[in-house]
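Student: Take a look at the following structure, please.
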Amino acid sequence: MACNLSDPEIAATYNRILSGDGVDWMVIGYGSTRDRLSLYASGDGGVTEMALKVPEEVVFCFIVFEGSRVLVTHVAEKIRQV
């Protein structure tokens, strides 16, 4: 199954993170769809702020942490079959 990343907010936020333009993390997920990712949240408060925005579902987080670019896949405990 292909994943649709056509939400323009994902690319815009990703580029802001890479350029150091006031954003250092983002969270994306499927929401009610099975094939289209959308931006859930973004911010400049680092890993602590990002952790507060991670919902109890499968999401992907991208963050600049201690000078490294990190991609995190979060699978909530309530998800049984992955």
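Student: Pairs under 9 Å by beta carbon, first residue farther than 22 Å from Ile63 by Cβ in the stretch 1-15, partner outside any loop (DSSP other than H, G, I, E, B), six or more apart or different chains?
Tutor: Asn4/Arg36; Ser6/Arg36
This table checks each residue for (1) open to solvent by 80 Å² or more (accessible area, probe 1.4 Å); (2) part of a helix (DSSP H, G or I); (3) modelled with pLDDT of 95 or more; (4) touching a helix residue (DSSP H, G or I) at 6+ places or on another chain (Cβ under 6 Å).
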{"site": "Ala2", "(1), (2), (3), (4)": "yes, no, no, no"}
{"site": "Tyr14", "(1), (2), (3), (4)": "yes, yes, yes, no"}
{"site": "Ser32", "(1), (2), (3), (4)": "yes, no, no, no"}
{"site": "Ala41", "(1), (2), (3), (4)": "no, no, yes, no"}
{"site": "Glu56", "(1), (2), (3), (4)": "yes, no, no, no"}
{"site": "Arg69", "(1), (2), (3), (4)": "yes, no, yes, no"}
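Student: Surrounded by 11 or more Cβ atoms within 10 Å (Cβ to Cβ), outside any loop (DSSP other than H, G, I, E, B) and at negative phi, is that true of Val64?
Tutor: Yes.
Student: Still on this structure: Of all residues in the stretch 59-69, count the ones that are out of contact with any Phe, Trp or Tyr (no Cβ under 7 Å at 6 or more places or on another chain), of a type outside the set (S, T, N, Q) and farther than 15 Å from Arg16 by Cβ.
Tutor: 4
Student: Filter the stretch 28-52 down to the residues that are under 22 Å from Ser6 (Cβ atoms) and under 11 Å from the mean Cα position of the chain (by Cα) and list them by number.
Tutor: Ile28, Gly29, Tyr30, Leu37, Ser38, Leu39, Tyr40, Ala41, Ser42
The values are calculated or read from the model by the stated rules, or taken from the named source; none is laboratory data. These numbers come from a predicted model, not from an experiment. Because the Cβ atoms are built from the backbone with ideal geometry, glycine has one as well, and the counts that use them run over all protein chains shown. To get the accessible areas, we keep the full protein, side chains included, count just its heavy atoms, and leave off ligands, DNA and RNA. Shrake-Rupley method; radii C 1.70, N 1.55, O 1.52, S 1.80 Å.
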